[in-house]
Amino acid sequence: MIDINKIKSYARSLGFVDCGIAPVRILSEQEQPLYRWLASSYNGKMGYMENNIDKRLDPSLLVDDAKSVIVVILNYYPSKVYNNPHKPHIAKYAYGDDYHYIIKSKLEKLLLHLKEFDETVEGRCFVDSAPVLEHTWACEAGLGWIGKNSLLITKKWGSYVFIGELIINKKLDYDTPNKKSFCGTCSECIKACPTSAIVEPKIVDARKCISYNTIELKDEIPSDIINKIGNTIYGCDICQDVCPWNKKIIAHSHEEFKPNDLLLNMDYCDWINMTNSQFKRLVKNSPMKRAGLKKIKKTILSLIDKKK
């Protein structure tokens with residue numbers, strides 16, 4: 001059996017701030033809450049959330065002979081926060097390069113490292129790119145708990161963390177699952193959400209969520225939402241910014257996530273006058289590619305129209 005201390009040590013050498021390991025199992029307790037969430041149409045127009053429910057609950061349908069889920073987290077809280085009220089606001093996770101590619105590359109290195117101990121190790125890496133309940137698996141691996149804003153919260157690193165999973169075909173020693181919430185009676189995230197998207201603890205109605213409306217929604221943002229999003233054009237950090245667990249976290253030191261000053265100092269006119277070729281160059285390595293220039297311009301025009 002591979003020594004899990006060596007796995008965790010190598011994971012930290014790759015830049016992950018923590019690593020936990022859980023045995024593969026069917027997450028049967030998540031089935032009814034997931035179906036209730038979908039039945040309430042809280043997924044909005046994210047139709048893909050209705051697909052592959054079986055795979056979301058059972059990782060063995062994603063990886064042949066799956067035995068273990070290795071979960072890693074990486075801190076992305078920046079040393080400088082860009083929030084000029086007179087300029088477009090962008091969520092912190094999009095300050096630098098796209099985390100999907102960076103974390104997956106690191107996980108692939110971790111997989112290769114495991115093969116050095118046992119050449120029969122097989123597995124797959126996941127970074128928010130497949131039907132994996134990543135927050136649940138992070139809890140199963142003992143890394144934290146799911147907060148009332150539905151995000152993973154960790155004692156040391158707060159909630160500003162990227163999550164990745166490596167599912168492999170080998171049994172390992174496992175961490176103790178975290179079954180306890182440390183949110184207590186705090187409801188700052190619920191009270192702070194300007195659109196009341198957190199309809200109850202751990203339940204978010206995406207249709208009201210600023211992140212969903214500025215990234216995933218391809219239609220016009222509803223007027224009752226646009227009137228409450230301030231100067232935000234991509235994503236949202238409000239429920240995280242007010243969380244007490246994020247008050248004393250240490251800024252990351254990853255060069256890949258270093259803030260793109262050019263991107264973050266853009267004003268409204270810069271975005272409106274931008275061409276497609278300019279956009280492609282600007283967001284070449286950015287997660288903002290997901291929204292696309294057309295969507296971003298549409299959001300900005302709605303914000304400008306609101307101010308008239």
*Setting aside same-chain residues fewer than 8 positions from K80, which lysines have a Cα under 16 Å from its Cα?*
K92, K247, K248, K258
_Peptides 226-235, 261-270 ordered by average Cβ neighbours within 10 Å, highest first_ = 226-235, 261-270
*Rounded to the nearest 0.05, what FRET efficiency do K45 and N285 have when you use their Cβ-Cβ distance and R0 = 30 Å?*
0.65
_Residues M46, M1, M288 arranged by fewest to most Cβ contacts within 10 Å_ = M1, M46, M288
*asked:* Name the residue from Y174, T195, L107 whose Cα lies farthest towards the positive end of the charge dipole of the chain, charges +1 on Cβ of Lys and Arg and -1 on Cβ of Asp and Glu.
replied: T195
*asked:* With θ taken as phi - 60° and the coefficients 6.51, -1.76 and 1.60, list the Karplus ³J(HN,Hα) couplings across segment 264-277 in order, rounded to whole Hz; mark glycine and proline as x.
replied: 7, 9, 5, 9, 4, 5, 4, 5, 5, 8, 6, 8, 4, 5
*Which value at 222 nm does the chain reach when only helices count, each DSSP H run of 4 or more adding -39,500 (n - 2.57), with the total divided by all residues and rounded to the nearest 500 deg cm²/dmol?*
-8000 deg cm²/dmol
*Report the local net charge at F117: Lys and Arg +1, Asp and Glu -1, summed over other residues whose C-beta lies under 12 Å from its C-beta.*
-1
*For each cysteine in the chain, check whether another cysteine's C-beta sits under 4.7 Å from its C-beta; list those where none does.*
C19, C125, C139, C183, C186, C193, C209, C236, C243, C269
*Put +1 on the Cβ of every Lys and Arg and -1 on every Asp and Glu Cβ in the chain; which of L282, A66, F126 then has its Cα farthest towards the positive end of the dipole?*
L282
_Under the rule of at least 5 residues apart or a separate chain, name every residue whose amide H is placed under 5 Å from the amide H of K258._
D97
*Could you order peptides 89-101, 237-249, 23-35 by the average number of other Cβ atoms within 10 Å of their residues, highest first?*
89-101, 237-249, 23-35
_Cα lying deepest toward the dipole's positive end in segment 4-168, options L38, Y95, P23, charges on Cβ_ = Y95
*Neighbouring Cβ atoms within 10 Å as the yardstick, rank V71, V161 fewest first.*
V161, V71
*Treating the angle as unsigned and between 0 and 90°, give the value, to the nearest 10°, between the Cα long axis of helix 4-13 and the longest Cα principal axis of the chain.*
30
*Net charge of Cβ neighbours under 14 Å - reference I163; Lys, Arg +1; Asp, Glu -1*: -3
*For the chain, with only Lys/Arg (+1) and Asp/Glu (-1) charged at the beta-carbon, what is the dipole magnitude about the Cα centre, in debye rounded to 20?*
980
*Considering only DSSP beta bridges whose two residues both sit in the chain, what percent are antiparallel, to the nearest 5?*
90
*Taking only Cα atoms and a 10 Å spring cutoff, compute GNM fluctuations for the chain and point out the largest among L172, L61, L143.*
L61
*Under 15 Å from the Cβ of G15, count the other residues' Cβ atoms, weight Lys and Arg +1, Asp and Glu -1, and hand me the total.*
+1
*For T176 and D261, what is the calculated FRET efficiency with R₀ set at 51 Å and r taken between the beta-carbons, to the nearest 0.05?*
0.75
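Read the figures in this text as sums done on the coordinates, not as results from a lab. Quantities reported herein were computed from a predicted structural model and do not represent experimental measurements. Cβ coordinates were reconstructed from backbone atoms using ideal geometry, including for glycine residues, and neighbour counts include every protein chain displayed.
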